[in-house]
Amino acid sequence: MHFRLFFIAIVLVSSVVFPQNTTQKTIDSILTIDDDKQNEFKKLLRKIDQLPSKESIEKFKYIDASIKDNDSLRLYNYMYYTSTLLRNGKNSEALKVNTKGLAMAKRYNWPYFLFEYYQMRANIFDDKAVLDSTLFYINKAEDVISKNKKKLGHAMARIYFQRALLEQKLGHPEKEDAYIEKIADVVFEYPNNQQSAFYLTSIVYHFKTRKNYAKHAYYAQKLKAFYLKRDGFNSPKAHESLSSMLQMDNTDEQIKELKQTLKNNDSLKYDFLLSQIANTIGAKLLEAGKTKEAITYFKKSLSYNDKNISPYSKIISYENLHRAFYDSKDYVKAIETLRAKETIVNTIRQNETLERVEELEVRYEAEKKANEVQLLKAENTTKEKQRQLYLILAISGLIIATLFAYFAYKFKKQKHVLSIQKKELEKTINEKNVLFKEIHHRVKNSLQVVSSLLFLQSQNIDDTQAKEAIKDAQNRVRSLTLIHQKLYSKKHLVGVETKDYITDLTQDIFSSHQLESQNINTELDIENLVLSIDTLSPIGLILNELITNVLKHAFKENQEINNLHIKFYKNNGSLILKVEDNGVGYNAKNGRKNSFGLKLINSLSKKLDATFTIKAKTDKGTEANLTINDFEIVNS
């Protein structure tokens, strides 16, 4: 962060050379200039850029409305307009203005503006703390430079500068240092660039704060040689003095220089920069052991931050103030400042989702406009072909006229087909949920028909075993029917809640057996999960078999207390289904190992990659366990 603070402070000191003559009359007079005199227009934009945020934003809007027919001037205006909005914490508005300018730059394919707008877009996402998008647009800006190295090669210093800041945020100091030195390589390759002195000064300051004595001394000498060659003296203009640069300790002279910088610029109302300078002074005072005075400057930085500044700047101020209070053992205030910082951090996190949605919307609009431009080009191309066809028609007569009519008809028909397809696609998307519910409803109805047919068939059969077999089949169909009934009647379209389903299934099975002589106490201990159809269908069938087996074989007629306990829960990456009773108990020797019910359970267990065991309990009754390893939980 120290490198970025120094960068902002230097921009402030070096940007106060323009007079503040930005009256409406002056603006109108400059807006009438020709494209050949764009320097006057850029000077005007720099003057407006230095005004208080509210006034400067109004003037940028006025200029935009006044130059609708001059895209080159609008591109310059959007550049400064975006920068002003970003510095004043208006990230979303800055992104919208940047999107307009970027679309225009792409339309004309102007390398200079493409680079500027990609680079500024990276700054916007950097300020939003969306690092993946920041890196994406840094790469886009670098691609523009690589294709236009002769004109834009010197701008690689800005790219390396942004990458260094990004690595700093990611906590990669070695990579940050490497990019800082790459900036120096660009400066030496393009020594006549007007920002060379600034970059060398920034590099010296970086290694000074790093306490890298060797590199600090090396680049300090390079900076000194640069000024000796250019100006004949060794004190850089509008920067921290070279003598201060060459010192590694925080001397009283350095602190005095920074205080004077803040005092000289306090009347400019550049709150977004003054806050950073006050933080830098406070940090130096804190390192020098002057805690009380450091607290004063940290509080100043917060007072500057109260005026529409990015919340990230406030976080830095609160962090510094917390450290100062902690060092002075004022723990109550230290906790208060820490809480204030956490409040801002939580607010930022809450807004990140909305910002990402807005970012996607902006990208969508940009792509939509790009597609509209392509469509316009295609339509223009078509019209040109039509004009050519008209010319040929005049020469070739009826045959060419017939061909033209054919192509025109074909184009119109194709456009009509595309329009119909678009409407159908939109209709399909809108009806998706309705169709899902209808499908489940129809499947449920079909299964109910099967269940009814089985019931009717059982009424015409006298054989008891056959009747029982049909009833068992009917119960299995009901377990599946219940799943699809839940799917279309509840909020979930692709999953069913286990607690609701198992409760209803158990009641349905009890009801179908019409138990009169047996009084069974049923206890359900079900963890409420939302499972997919593929998972719950075999579980429902297995549970149906286990409950039916208990009702048929577990309890004697003269047994007073009959208990049935069903558990279903998730444990260590598996689902556990447990069915227990206090009946006569399971006898492996007398059990029907080859019964259809056990075969069905074993077959369904393989589908779920499950392990099924059934055994007699040590005291009394039977315990069946199903451990399921292959399942799908649907997000609710």
Note down the nm distance, to one decimal, between modelled labels 7 Å out along Cα→Cβ at Arg387 and at Lys552. 8.7 nm
Most positive-pole-ward Cα, Thr503, Leu600, Leu531, against dipole of the range 492-628 from beta carbon charges: Leu600
Can you send over the solvent-accessible area of Tyr80, 1.4 Å probe, protein chains only, in Å² to the nearest 10? 40 Å²
May I have the extent of the alpha carbons of the range 52-142 along their three principal axes, as whole Å values ordered from largest to smallest? 36, 31, 15
Considering the options Gly153, Gln119, Leu102, tell which one lies farthest towards the positive end of the dipole of the range 100-180, charges being +1 on Lys and Arg and -1 on Asp and Glu at the Cβ, about the Cα centre. Leu102
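Treat every Asp and Glu Cβ in the range 492-628 as -1 and every Lys and Arg Cβ as +1, leave all other atoms uncharged, and give the resulting dipole magnitude about the Cα centre to the nearest 20 debye. Mind showing how you got there, number by number?
Values: 15 positive and 17 negative charges, 158 e Å.
Magnitude of the dipole: close to 760 debye.
Determine the dipole magnitude for the range 125-234: charges of +1 sit on the beta-carbon of Lys and Arg, -1 on that of Asp and Glu, nothing else is charged, the reference point is the Cα centre, and the result goes in debye to the nearest 20.
So the dipole magnitude of the range 125-234 works out to roughly 360 debye.
Fully extended, how many nm does the chain gain between Asn587 and Tyr406 (0.36 nm per residue separation, minus their Cα-Cα distance)?
Details: separation 181, 0.36 × 181 = 65.16 nm, distance 8.49 nm.
That pair, Asn587 and Tyr406, stretches by 56.7 nm at full extension.
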In the range 123-182, the chymotrypsin sites (Phe, Trp or Tyr not before Pro) that fall in loop regions by DSSP, at most 10 other Cβ within 10 Å: none
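Using a Förster radius of 45 Å, what is the FRET efficiency between Glu93 and Lys567 based on their Cβ-Cβ separation? Nearest 0.05, please. If you can, show how the numbers build up before the last one.
On the way: r = 57 Å, r/R0 = 1.26.
That gives a FRET efficiency of 0.20.
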If you filter the range 533-586 for GluC sites (Glu not before Pro), then keep DSSP loop positions with at most 15 other Cβ within 10 Å, what is left? Glu557, Glu560
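Working from the pairwise distances between different alpha carbons, so that the mean of 1/r is found and then inverted, what is the range 492-628's Kirkwood radius in Å? Please list the in-between numbers first.
Working: mean 1/r = 0.0646 Å⁻¹.
Evaluated over the range 492-628, this radius sits at 15.5 Å.
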Trypsin sites (Lys or Arg not before Pro) within the range 555-636: which are DSSP loop residues with at most 13 other Cβ atoms inside 10 Å? Lys556, Lys589, Arg592, Lys593, Lys620
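What is the calculated FRET efficiency for Asp508 to Lys415, with r their C-beta to C-beta distance and R₀ = 45 Å, to the nearest 0.05? Please list the in-between numbers first.
Details: r = 56 Å, r/R0 = 1.25.
Calculated transfer efficiency: 0.20.
The values are calculated or read from the model by the stated rules, or taken from the named source; none is laboratory data. Predicted model only: the values in this text are computed from it and were never measured. Using ideal geometry, Cβ is built from the backbone for each residue, glycine included, and neighbour counts are taken over all protein chains shown. Heads up: the accessible areas ignore ligands, DNA and RNA and are worked out on the full protein's heavy atoms, side chains in. Shrake-Rupley method; radii C 1.70, N 1.55, O 1.52, S 1.80 Å.
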